[in-house]
Amino acid sequence: MTETTPAPQAPRPHTAPAAPPPRGSVLLREILRGSIVTTVLALVAAFVVGGVLIAFTDEDVAAASGYFFARPADTLSAAWNAVVAGYDALFRGAIYNTRADDFLTGIRSLTNTLGAAAPLIAAGLGVAVAFRVGLFNIGAQGQIVFGAAFTALLTFQLDLPAALQLPVTLAGGLIGGAIWAGIAGLLKARTGAHEVILTIMLNYVGVLLVEWMVSTQGVLQKAGTTQPITEATPAGAVFPDLLGPRFPNLDLGFVIVVLATVFVWWLLEHSALGLRMRAVGENPSAARTAGISVPRVYVYAMLFAGALAGLAGMNQIQGAVTTGFNSHIDAGFGFDAITVALLGRSRAWGTFAAGLLFGALKAGAYQMQAAGIPIDFVLVVQALVVLFVAAPPLVRTIFFLPKSEAEKSARARAKAARKAVA
């Protein structure tokens with residue numbers, strides 16, 4: 001029996017390892033996947049859709065569309081003119097009035113934007129702090145209203161020199177907001193009650209309580225009147241104008257809001273308490289295992305959130321509304337703050353930028369209204385901004401951006417599941 005020797009096999013060709021992609025391509029892909037690019041493109045998409053809505057609601061466009069197939073250029077020209085006029089009015093009302101007689105008059109639009117943004121930023125920071133701890137604080141309205149009433153009740157009658165009256169009034173608002181939010185934080189920590197229920201119900205309680213206060217003589221109602229309104233803010237407690245009486249909407253309150261943003265940034269990103277707060281927000285069970293007192297962090301977070309909402313209230317009664325206030329002093333900032341915090345991705349400087357954007361929309365809305373565009377259009381743009389920011393995959397699909405690793409993994413799992421079923 002003879003053994004057969006195997007035929008010699010040809011050596012396999014040596015395959016060189018695949019060259020890594022160029023570093024520039026990797027960097028560009030990471031930038032395009034980043035949250036900053038996604039947020040900017042979300043704003044672009046929102047304003048594009050807003051422009052379409054302006055065109056559809058314009059009377060000249062509607063008239064020209066009646067003979068679109070005969071002269072389509074008329075319809076397209078009318079739509080373009082409507083969009084340009086609308087956004088030009090927004091720019092003139094929010095950034096610089098190009099039709100003003102001089103530079104100082106023109107720049108007043110920017111100061112109006114900064115003034116309108118201050119309470120939005122402050123309240124948004126309060127919501128953002130709670131978000132980072134995993135708490136959905138929708139009680140900024142009640143915290144603003146109660147903070148204003150608390151400081152009015154305790155400080156309006158002190159009649160102190162301006163150097164003392166101003167900081168004492170400001171501190172009263174911060175403490176009042178912190179107390180109102182602290183109630184929700186304490187109940188959450190002690191009983192486990194859901195913060196959404198707690199804060200939204202405290203909104204109703206706070207508004208109704210302040211409504212009773214400003215309607216009752218001897219509490220907060222202005223003497224000698226039957227109207228539900230408080231006494232005027234003491235002259236010593238009013239924020240001084242930063243650039244003089246020519247720019248009344250920009251006062252010391254904006255500087256305080258900038259300092260509050262720096263504080264929140266330091267607190268969340270660089271302090272030991274901020275580390276514990278972020279750990280609880282990421283995983284409360286793991287934080288508890290690591291020895292962090294989760295209930296205590298909940299209380300701290302709500303105290304900070306309420307104080308920041310109280311700062312928004314102080315921007316109102318010490319700056320924008322100094323002739324007396326009622327239970328509507330929050331002016332919708334309490335719920336707009338949720339949108340600002342979401343747009344800012346619960347980061348201090350992101351919230352600051354989002355507040356500036358919404359302040360610009362509010363300041364420019366009146367100029368747009370003068371141009372014949374309903375003021376409610378701004379609310380539509382705000383909703384579109386939130387819609388696109390809350391759906392990054394949609395934005396990446398619209399602008400053909402690279403998919404994130406999480407999206408790729410989810411798509412691969414879905415494909416594998418479909419194959420398994422087939």
Item checked: Global geometry of segment 71-144, whether rounded, prolate or oblate, following the gyration tensor of its Cα atoms and the 1.5 cut on a/c -> oblate
Check: Tell me, what is the FRET efficiency for LEU379 and ALA290 to the nearest 0.05, using R0 = 30 angstrom and their Cβ-Cβ distance as r?
Finding: 0.10
Note to self: How large a share of the accessible area of the chain, in percent, is made up of carbon and sulfur atoms when the probe is 1.4 Å and the other protein chains stay in place?
What the structure shows: 66 percent
Item checked: Rel. contact order, % - alpha carbon contacts under 8 angstrom, at least six apart, the chain -> 27 percent
Item checked: Two-site label geometry, PHE69 and THR397: point separation in nm, points 7 Å out along Cα→Cβ -> 3.3 nm
Next item on the list: Give me the angle, in degrees from 0 to 90, between the Cα long axis of helix 294-315 and the longest principal axis of the Cα atoms of the chain, rounded to the nearest 10.
Entry: 50 degrees
Next item on the list: First select every other residue whose beta carbon is under 11 angstrom from the beta carbon of ALA123; then total the charges, Lys and Arg +1, Asp and Glu -1.
Entry: -2
Next item on the list: Return the FRET efficiency for the residue pair LEU243, SER35: r is the Cβ-Cβ distance, R0 is 25 Å, and the value is rounded to the nearest 0.05.
Entry: 0.15
Note to self: Please report the net charge: other residues with Cβ closer than 14 Å to the Cβ of LEU114, K and R +1, D and E -1.
What the structure shows: 0
Note to self: How much length would be gained if the chain were fully extended between GLN369 and LEU259, taking 0.36 nm per residue of separation minus their Cα-Cα distance, in nm to one decimal?
What the structure shows: 36.3 nm
Margin query: Taking Cα extents along the principal axes in Å straight from the coordinates, which label in [x] 124, 74, 41; [y] 85, 83, 42; [z] 61, 46, 43 is the correct one?
Written below: [x]
Next item on the list: Give the shape of segment 263-310 as rounded, prolate or oblate, defined through the alpha-carbon gyration tensor: a ≥ b ≥ c are the square roots of its eigenvalues, a/c under 1.5 means rounded, and otherwise the shape is prolate if a/b is larger than b/c and oblate if not.
Entry: oblate
Margin query: Within 10 Å, at most 16 other Cβ atoms, and a DSSP state outside H, G, I, E, B define an exposed site. Report the longest part of the chain free of exposed chymotrypsin sites (Phe, Trp or Tyr not before Pro).
Written below: 137-398
Next item on the list: May I ask you to derive the FRET efficiency for THR216 and ASP159 from their Cβ-Cβ distance with R0 = 22 Å, giving the value to the nearest 0.05?
Entry: 0.50
Check: What are the residues whose amide H is under 5 Å from the amide H of ASP251, where those residues sit 5 or more places off or on another chain and H is modelled from the backbone?
Finding: LEU242
Item checked: Net +/- balance of residues flanking ALA363 in space, Cβ distance below 11 Å, scoring K and R +1, D and E -1 -> +3
Checklist line | Label zone at GLU59 (point 7 Å along Cα-to-Cβ), backbone N below 13 Å, segment 361-394 | finding: 371-374
Item checked: Accessible area (Å², per residue) of the chain, counting only protein heavy atoms and a probe of 1.4 Å -> 52 Å²
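The values are calculated or read from the model by the stated rules, or taken from the named source; none is laboratory data. Since the model is a prediction, treat every value here as computed from it, not as a measurement. Note: ideal-geometry Cβ built from the backbone for every residue, glycine included; neighbour counts use all protein chains shown. What goes into the accessible areas is simple: the full protein's heavy atoms, side chains included, and nothing from ligands, DNA or RNA. Shrake-Rupley method; radii C 1.70, N 1.55, O 1.52, S 1.80 Å.
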